1. Through the Karplus equation 6.51 cos²θ - 1.76 cosθ + 1.60, θ set to phi - 60°, convert the phi angles of region 151-164 into ³J(HN,Hα) values in whole Hz; use x for Gly and Pro.
2. So which of Lys23/Lys136; Lys82/Lys134; Lys79/Lys134; Lys82/Lys136 end up more than 32 Å apart, counting from Cα to Cα?
3. Show me, for region 43-54, the HN-Hα J-couplings you get by feeding each phi into the Karplus relation (A = 6.51, B = -1.76, C = 1.60, θ = phi - 60°), rounded to Hz, glycine and proline as x.
4. What is the calculated FRET efficiency for Asp167 to Glu7, with r their C-beta to C-beta distance and R₀ = 30 Å, to the nearest 0.05?
5. Less than 16 Å from a label point 7 Å out along the Cα-to-Cβ axis of Asn147: which backbone N atoms in region 1-25 qualify, by residue?
6. Just to be sure I understand: of the beta bridges DSSP finds with both ends in region 12-150, what percent are antiparallel, rounded to 5?
7. Once phi is turned into ³J(HN,Hα) by the Karplus curve 6.51 cos²θ - 1.76 cosθ + 1.60 with θ = phi - 60°, what whole-Hz value does each residue of region 21-36 show in order, with x for glycine and proline?
8. Order 150-163, 109-122 from most to least packed using the mean count of other Cβ atoms within 10 Å.
Amino acid sequence: MHFYPTERIALFIDGANLYAASKTLSFDIDYKRLLALFRSKGQLVRALYYTALAEDQEYSSIRPLIDWLDYNGYTMVTKPTKEFVDATGRRKVKGNMDIELAVDAMELAEHLDHLVIFSGDGDFRSLVESLQHKGKRVSVISSLSTNPPMVADELRRQADQFIDLVDLQHDIGRTSSDRSQRRRPDNESEATDAYDPSDLVET
């Protein structure tokens, strides 16, 4: 993982994508350690976390995580999910945050040297290319270690640097002692979206 100490860095975290990757790799993200890691790599300007929320529910189990992140150095970008029934009669929830992430990345680019995108979604390939045309370095964090891989090949090829999430486990994973001592709201495996991830569709 290569960063220059003088670089202005911003993190763009696709919450659902990062959660799915870490869950598949069987470890929990410690968001305090994640922030500390990138603060040590350069000048961290912003850490943005994107997630859709089910507004029609009285209590969302992801709310403790959202609140913790909001108070501890992250900029939260949320929008309500939309529920619909597909042609087979199955309930689906739409909560894609790709547009919001892409717009923010393009708007903030002039203030940054290096953008770090936590997602393996191939739809971000053109965003990465556009940022590179602006003279920015772009790193993508996802995983090739899962079966199938969580990162699209075209996105991995386009990025200046691909970082496998499994290689960061030692630096940003929650330790077993942390989990056994107490339940903490910043642990996303304990505060997940209120809908079944298998019901979530990308649009």
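The values are calculated or read from the model by the stated rules, or taken from the named source; none is laboratory data. For clarity, every value in this text was computed on a predicted model and none was experimentally measured. Ideal geometry is used to build each Cβ from the backbone, glycine not excepted, and the neighbour counts take in all protein chains shown. The protein model used for the area step is the full one, side chains on, heavy atoms only, and it has no ligands, DNA or RNA in it. Shrake-Rupley method; radii C 1.70, N 1.55, O 1.52, S 1.80 Å.
1. 9, 6, 4, 5, 6, 4, 5, 6, 4, 5, 8, 9, 10, 7
2. Lys82/Lys134; Lys82/Lys136
3. Using θ = phi - 60°, the values come out as 8, 6, 7, 7, 10, 9, 10, 10, 7, 9, 10, 7 Hz.
4. Efficiency, rounded to the nearest 0.05: 0.90.
5. Hits in region 1-25 for Asn147 at 16 Å: 24-25.
6. Of all bridge pairs located within region 12-150, approximately 20 percent are antiparallel.
7. Working through the residues one at a time gives 5, 5, 5, 5, 7, 6, 9, 9, 7, 9, 5, 5, 5, 4, 5, 4 Hz.
8. Descending mean neighbour count gives 109-122, 150-163.
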